[in-house]
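Each remark here refers to the structure printed beneath this line.
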Amino acid sequence: MSTGPAERSWCVVVPHDPTGARLARHRLADELTGVVPPVLVADLVAVLAELVGNAVRHADALPGGVVRVAWRLRPTEQGPSVELRVTDGGSGAGPCMRTASPDAADGRGLHIVAGLASGWGVERDGLGQSVWARFDPVPTQRTDLVAAG
């Protein structure tokens with residue numbers, strides 16, 4: 001008996017420019033629509049856009065002027081688990097959450113990531129840095145239970 005989709009991984013290389021985020025969002029949505037719940041696809045697309053956008057704005061490109069984008073789908077008994085990973089050439093200062101005033105045009109991206117993902121972090125190696133975001137399964141609500149009262 002199948003419990004859902006098999007574990008799968010994707011890796012795409014996108015330009016280190018604003019079109020990279022659009023290309024990555026569309027590819028992720030194309031691959032995961034119909035495989036994971038629509039609300040999860042929406043959250044994944046939003047977070048991926050932030051991570052790729054941050055890589056383009058704040059970090060160097062990988063060799064070839066690119067950013068590597070990867071995601072992994074792991075089915076569990078509770079539902080799908082997904083990890084996103086954006087790898088760039090790194091920057092002098094790593095990603096950090098900032099405090100943005102209500103009038104600021106930017107500075108909220110990692111707050112969005114932290115609010116939507118189950119966890120996120122940064123890993124560095126000799127080639128650059130990877131920012132990852134993990135989405136753990138959300139238990140489905142039982143609708144057949146009646147509250148006692």
* Structure fact -> Per the filter on the stretch 32-50, residues assigned to a helix (DSSP H, G or I) and open to solvent by 10 Å² or more (accessible area, probe 1.4 Å) are 38, 39, 40, 41, 42, 43, 45, 46, 49, 50
* Write out, first by first residue and then by second, each pair whose Cβ atoms fall under 6 Å of each other, whose residues are 6+ apart or on separate chains, and whose first residue, in the stretch 104-129, is in a loop (DSSP other than H, G, I, E, B) while the second is modelled with pLDDT under 90 and hydrophobic (A, V, I, L, M, F, W, C). => 107/100; 108/100
* To do: Read through the list (1) free of Cβ contacts under 8 Å to residues at least 60 places away in the same chain; (2) open to solvent by 30 Å² or more (accessible area, probe 1.4 Å), then give the number of the only condition that residue 76 fails.
  => (1)
* Structure fact -> The number of residues in the stretch 82-97 that are at negative phi and buried (at least 18 other Cβ atoms within 10 Å of the Cβ) is 8
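For the stretch 29-78, how many residues are small (Gly, Ala, Ser), over 21 Å from residue 115 (Cβ atoms) and at pLDDT below 95? Even if it seems obvious, please write down each step before you answer.
Step one: filter the stretch 29-78 for residues small (Gly, Ala, Ser), giving 29, 34, 42, 46, 49, 53, 55, 59, 61, 64-65, 70.
Subsequent filtering for residues that are over 21 Å from residue 115 (Cβ atoms) retains 34, 59, 61, 64-65, 70.
Among the residues that remain, those that are also at pLDDT below 95 are: 34, 59.
The total comes to 2.
If a residue has to be among the hydrophobic types (A, V, I, L, M, F, W, C), more than 19 Å from residue 87 (Cβ to Cβ) and touching a residue at least 24 places away in the same chain (Cβ under 8 Å) to count, how many in the stretch 1-50 make the cut?
Within the stretch 1-50, the first condition is being among the hydrophobic types (A, V, I, L, M, F, W, C), and the residues that meet it are 1, 6, 10-14, 21, 23-24, 28-29, 32, 35-36, 39-42, 44-49.
Subsequent filtering for residues that are more than 19 Å from residue 87 (Cβ to Cβ) retains 1, 6, 29, 32, 35-36, 39-42, 46.
Restricting the remaining residues to those that are touching a residue at least 24 places away in the same chain (Cβ under 8 Å) gives 6, 32, 35-36, 40, 46.
Residues in the stretch 1-50 being among the hydrophobic types (A, V, I, L, M, F, W, C), more than 19 Å from residue 87 (Cβ to Cβ) and touching a residue at least 24 places away in the same chain (Cβ under 8 Å): 6 in total.
Scan 57, 25, 85 and give me the residue that is in contact with a Phe, Trp or Tyr (Cβ under 6 Å, 6 or more places away or on another chain) and either charged (D, E, K, R) or in a helix (DSSP H, G or I) (or both). Spell out the reasoning first.
On the way: 57 fails: in contact with a Phe, Trp or Tyr (Cβ under 6 Å, 6 or more places away or on another chain); 25 fails: in contact with a Phe, Trp or Tyr (Cβ under 6 Å, 6 or more places away or on another chain).
When all the criteria are applied, what remains is 85.
The values are calculated or read from the model by the stated rules, or taken from the named source; none is laboratory data. Note that the coordinates shown come from a computational prediction; the quantities given were computed from them, not determined experimentally. Glycine also receives a Cβ, built like all others from the backbone with ideal geometry; neighbour counts cover every protein chain displayed. Each accessible area value is taken on the protein alone, full model and side chains, heavy atoms only, with ligands, DNA and RNA left out. Shrake-Rupley method; radii C 1.70, N 1.55, O 1.52, S 1.80 Å.
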